[in-house]
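Report on one structure; see the data block that follows.
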Amino acid sequence: MEPLKGTTAMDTGQPMNRRTMLRLAAASSVAALLAACGGSSATEAPKPAATTASGAATTPAGSAAAATRPATTGASATTAPASTTAASGSAPTGTTAASGSAPAGTTAASGSAVAVAPSGTAAGGWPAYYPADYQTIVDGAKKEQKLLIYSIMSKENWKPVLEAFKKRYSFLDVETADLGSSEVFQRYYSEAGSNARTGDMIMTSSPDEWQAFIKKGELAPYESPEGKYVPAWSKLAPGVYSVSSDPLVFIYNKKTLAADKTPKTMAELAANIEKSADPYKGKMTTYDPEKVATGFAAFWFYIKKNGDKGWAQLETIGKQNVKLESSAGNMVNATLTGESNLGFFVSTISVLPKLPASEAVLGYRMIADGTPILVRGQGITKKAQSPNAAKLMMDFILSQDGQIAFAEGGLTAYRPDVADKAKIHLNKLAGDVGEDNLLKFFFDPDLTDKAKTDAFLARLKKTFGR
């Protein structure tokens, strides 16, 4: 289920969008957030130039988060520009492109070099490198019996994961709810506030609302024994690890859009439109950034890398009556039927399950000048009634078996040591575009600045004629 940003306030029943939620979330500063997250984390990025008092739209600054941006993969990689330009035309001082510089020892799209996990299995079925007292967590989970997860993944996505998990922990009853990215938090807040049974884990992709959740003190940080075997960028904050790393790609109808009109980059798409808009006028689709958190973040991180150049591309594209959708599923269906010729920033979680059955009609490719990567965070809630069961699930998802299972369910695995085993893996998808053009979602502090996000959304709406 693609996450809708607008949901209902738990105490008033009135519509409550993501920016309202941010305003209510906390009055504390970004510095307080970082302190709560353990200080300067691997996912920090410098702030962009301040929004002008007049409310002029702001381009998010380029991130210098070198620890989160692994090295270039393959000869086809494109070097990111040294700085981005603010939407107002001025360049923020001392900021680098969102792809950042590469830490030493990085070799693959899955991230900076990580330790190699030892082989072997403990008597209980978990990896032998887990702590000697891990049985204590298992015994605690046996007493809890049930695990409740609020996620943005469908039952089809979860099916192979739960099957594999139950083979190891057959005593646990696991329930997963397929909700919107804001809804997972709001349902938790409402239930936790009334001391009702609520989600033991939250799994969603909204970077701003995760930060608000942490500010509220609602995260119960847990350090997984799998942490040392996953890339630095996938550890979004202390106790928040990535479930998957799903690219947001171009999709196109092979029957209705000529091969030479199928773009490899957003720049090429804009150039094609300048030459001849006919194949694209009223025949393109993407997320509605006002309603879909994933869509807003995709545009945010794309502009973070490409600055004014990116805005110019979007302005050309936005004049073509682009259909803004609430889900990737809608975009895929529209493309399959020929209602749309082309979609951009479409989540592969809805694309790849259609293949190979629909490959005669449906094509997709990574966006060579910047493919947003939806990084789905997972964390254990403060009010979890089954915290031990939640730890077992988090460890399993991060493990080799869990990554492989979610790839079977349509998500993109990222753990380096399963690149040759997982059905879908970030390394396999990244080869054509290079690491610098993988725009991974991270907990950008600027996403908690309402003035900046409001200005950014206002410019997006104007760009798409809304």
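The values are calculated or read from the model by the stated rules, or taken from the named source; none is laboratory data. All of these numbers come straight from a predicted model, not from anything done at the bench. All Cβ positions, glycine included, derive from the backbone under ideal geometry; neighbour counts span all protein chains shown.
When 441, 456 are screened for being touching a strand residue (DSSP E or B) at 6+ places or on another chain (Cβ under 7 Å), touching a residue at least 60 places away in the same chain (Cβ under 8 Å) and not assigned by TED's automatic domain parsing to the domain that holds residue 142, only 441 passes.
Could you list all residues from the stretch 420-438 that are in contact with a helix residue (DSSP H, G or I) (Cβ under 7 Å, 6 or more places away or on another chain) and either assigned by TED's automatic domain parsing to the domain that holds residue 235 or in a helix (DSSP H, G or I) (or both)? Selection gives 421, 422, 423, 424, 425.
Residue check: is residue 249 under 20 Å from residue 306 (Cβ atoms), part of a strand (DSSP E or B) and in contact with a helix residue (DSSP H, G or I) (Cβ under 8 Å, 6 or more places away or on another chain)? When the stated conditions are applied, residue 249 passes them.
Residue 147 meets all of the listed conditions (1) of a type in the set (A, V, I, L, M); (2) in a strand (DSSP E or B); (3) outside the structural domain of residue 226 (by TED's automatic domain parsing) but one, namely (3). Restricting the stretch 237-260 to residues that are of a type in the set (D, E, K, R) and touching a residue at least 24 places away in the same chain (Cβ under 8 Å), the residue that is surrounded by the most Cβ atoms within 10 Å (Cβ to Cβ) is 246.
Is there a residue being surrounded by fewer than 19 Cβ atoms within 10 Å (Cβ to Cβ) and assigned to a loop (DSSP other than H, G, I, E, B) anywhere in the stretch 175-193? No, that holds for no residue. Considering only the stretch 320-334, I want to know if a residue exists there that is surrounded by fewer than 19 Cβ atoms within 10 Å (Cβ to Cβ), basic (Lys, Arg) and more than 23 Å from the chain's Cα centre (by Cα). No, because not a single residue in the stretch 320-334 is surrounded by fewer than 19 Cβ atoms within 10 Å (Cβ to Cβ), basic (Lys, Arg) and more than 23 Å from the chain's Cα centre (by Cα). Looking at 207, 231, just one residue is more than 25 Å from residue 423 (Cβ to Cβ) and outside the structural domain of residue 305 (by TED's automatic domain parsing), and that residue is 207. If you go through the stretch 435-445 and keep only what is buried (at least 23 other Cβ atoms within 10 Å of the Cβ) and not polar (S, T, N, Q), you end up with 435, 436, 438, 439, 440, 441, 442, 443, 444.
Regarding the stretch 278-297, can at least one residue be identified that is outside any helix (DSSP H, G or I), without any contact (Cβ under 8 Å) to a residue 40 or more places away in the chain and surrounded by fewer than 20 Cβ atoms within 10 Å (Cβ to Cβ)? Among the residues of the stretch 278-297, at least one is outside any helix (DSSP H, G or I), without any contact (Cβ under 8 Å) to a residue 40 or more places away in the chain and surrounded by fewer than 20 Cβ atoms within 10 Å (Cβ to Cβ), which makes the answer yes. Scanning the stretch 165-183 for residues that are over 19 Å from residue 349 (Cα atoms) and within 24 Å of the chain's Cα centre (by Cα) returns 165, 174, 175, 183. All but one of (1) modelled with pLDDT of 95 or more; (2) of a type outside the set (Val, Ile, Thr); (3) within 25 Å of residue 205 (Cβ to Cβ) hold for residue 271; state the number of the condition that does not hold. The one condition residue 271 does not meet is (3).
Is one or more of the residues making up the stretch 114-127 at pLDDT 95 or above, surrounded by 15 or more Cβ atoms within 10 Å (Cβ to Cβ) and not in a loop (DSSP other than H, G, I, E, B)? Yes: the stretch 114-127 contains one or more residues that are at pLDDT 95 or above, surrounded by 15 or more Cβ atoms within 10 Å (Cβ to Cβ) and not in a loop (DSSP other than H, G, I, E, B). Are any residues in the stretch 431-450 hydrophobic (A, V, I, L, M, F, W, C) and closer than 27 Å to residue 316 by Cβ, and if so, which ones? Result: 433, 438, 439, 441, 447. Within the stretch 196-236, the residues that satisfy the criterion of being assigned to a loop (DSSP other than H, G, I, E, B), at pLDDT 95 or above and either at positive phi or crowded, with 24+ Cβ neighbours inside 10 Å (or both) are 199, 200, 217, 230, 231.
Filtered by the rule that a residue be touching a strand residue (DSSP E or B) at 6+ places or on another chain (Cβ under 9 Å) and charged (D, E, K, R), the stretch 179-234 gives 183, 187, 197, 200, 218, 226.
Here's the yes/no breakdown for (1) free of Cβ contacts under 8 Å to residues at least 40 places away in the same chain; (2) more than 18 Å from the chain's Cα centre (by Cα); (3) not assigned by TED's automatic domain parsing to the domain that holds residue 285:
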{"site": "350", "(1), (2), (3)": "no, no, no"}
{"site": "358", "(1), (2), (3)": "yes, yes, no"}
{"site": "363", "(1), (2), (3)": "no, yes, no"}
{"site": "381", "(1), (2), (3)": "no, yes, yes"}
{"site": "388", "(1), (2), (3)": "no, yes, yes"}
{"site": "400", "(1), (2), (3)": "no, yes, yes"}
